[in-house]
């Protein structure tokens, strides 16, 4: 019997982002925005050895997504999958050209048992992407930094069994916060970050009968509250007739729930720390 895909958001937020996905014993990271030591520690809480990671997929070149890349490659020889523009933005961060396995945005490629489908997202980076990872009849969609719910994002996320999606800020908290007006405008802009309401509408729009789990990523510590983000997305899912979907939080300082993604049947989540 095929083993279910395993998914855990190791870290999410402006201080660092990393997601672990495993299928048939092949583990990959989507982004590596923590130090090697911290990545190893968080993987250890779910029973995974950092040295066994087969690849890192890079969504874009911002520091909170790539902090650990150079050391991971130097110490463990882990290949870095990125598109050409993102790779060009990483050459000055200690990553030599041989570290990269270049992909083309919009073109599928394989990593072990995974089919990886990178798709463009609206964000203020060189060539940012989200990913759909498919294996064993299960699909997980990942888009953690995007300024608006573009049609191509909706198209790629529709039909996934699990989704990791940004819910960065609450509109009122952002407006009333003490951040500089130019930063607020960047966050609200079409290439910035999704609000709770935008994330909720996006999730409801792409939720099909097969959707079982939604992870809310990149929550702002200053301009959001976990309960506001979760309530917005749960409410939109109920209104769309998908109230049975589990809406899960992610954290800057610890790993999220670890879930197992089965092709047809929902599999109960294991507590974080159990693999």
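The values are calculated or read from the model by the stated rules, or taken from the named source; none is laboratory data. Not measured: the values here are computed from a predicted model. Neighbour counts are summed over all protein chains in view; Cβ atoms, including those assigned to glycine, are modelled from backbone coordinates with ideal geometry.
Okay, here's what the table says:
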{"quantity": "Matching residues, the range 106-142, being out of contact with any helix residue (DSSP H, G or I) (no Cβ under 6 Å at 6 or more places or on another chain), surrounded by fewer than 24 Cβ atoms within 10 Å (Cβ to Cβ) and not in a strand (DSSP E or B)", "calculated": "106, 107, 108, 112, 113, 122, 124, 125, 136, 137"}
{"quantity": "Residue in the range 92-102 that is out of contact with any helix residue (DSSP H, G or I) (no Cβ under 7 Å at 6 or more places or on another chain), modelled with pLDDT of 95 or more and surrounded by 15 or more Cβ atoms within 10 Å (Cβ to Cβ) present", "calculated": "yes"}
{"quantity": "Failed item in (1) touching a residue at least 12 places away in the same chain (Cβ under 8 Å); (2) surrounded by fewer than 21 Cβ atoms within 10 Å (Cβ to Cβ); (3) outside any helix (DSSP H, G or I), with residue 152 passing the rest", "calculated": "(3)"}
{"quantity": "Number of the exception - residue 162 against (1) crowded, with 24+ Cβ neighbours inside 10 Å; (2) under 23 Å from residue 85 (Cβ atoms)", "calculated": "(2)"}
{"quantity": "Every residue from the range 163-189 that is closer than 18 Å to residue 13 by Cα and assigned to a helix (DSSP H, G or I)", "calculated": "171, 173, 174, 183, 184, 186, 187, 188"}
{"quantity": "Counted residues, the range 146-162 - those being within 16 Å of residue 216 (Cβ to Cβ) and in contact with a helix residue (DSSP H, G or I) (Cβ under 6 Å, 6 or more places away or on another chain)", "calculated": "2"}
{"quantity": "Test result for residue 183, surrounded by fewer than 17 Cβ atoms within 10 Å (Cβ to Cβ) and modelled with pLDDT of 95 or more", "calculated": "no"}
{"quantity": "Hits in the range 195-237 (condition: assigned to a loop (DSSP other than H, G, I, E, B) and either surrounded by 19 or more Cβ atoms within 10 Å (Cβ to Cβ) or touching a strand residue (DSSP E or B) at 6+ places or on another chain (Cβ under 7 Å) (or both))", "calculated": "207, 211, 212, 218, 219, 220, 223, 224"}
{"quantity": "Single residue of the range 12-33 satisfying the filter (farther than 15 Å from residue 57 by Cβ and touching a helix residue (DSSP H, G or I) at 6+ places or on another chain (Cβ under 8 Å)) that is surrounded by the fewest Cβ atoms within 10 Å (Cβ to Cβ)", "calculated": "15"}
{"quantity": "Failed item, numbered, when residue 47 is tested on (1) surrounded by fewer than 20 Cβ atoms within 10 Å (Cβ to Cβ); (2) closer than 27 Å to residue 168 by Cβ; (3) in contact (Cβ under 8 Å) with a residue 60 or more places away in the chain", "calculated": "(2)"}
{"quantity": "Any pair with Cβ under 9 angstrom, 6 or more apart, that starts in the range 202-221 at a residue that is more than 19 Å from residue 147 (Cβ to Cβ) and ends at one that is at pLDDT below 95 and not in a loop (DSSP other than H, G, I, E, B)", "calculated": "212/261; 213/261"}
{"quantity": "Per-region count, the range 238-263, residues surrounded by fewer than 21 Cβ atoms within 10 Å (Cβ to Cβ) and either over 17 Å from residue 165 (Cβ atoms) or more than 19 Å from the chain's Cα centre (by Cα) (or both)", "calculated": "12"}
{"quantity": "Unmet requirement for residue 192, which otherwise passes all of (1) within 23 Å of residue 16 (Cβ to Cβ); (2) touching a helix residue (DSSP H, G or I) at 6+ places or on another chain (Cβ under 8 Å); (3) at pLDDT 95 or above; (4) not in a helix (DSSP H, G or I)", "calculated": "(3)"}
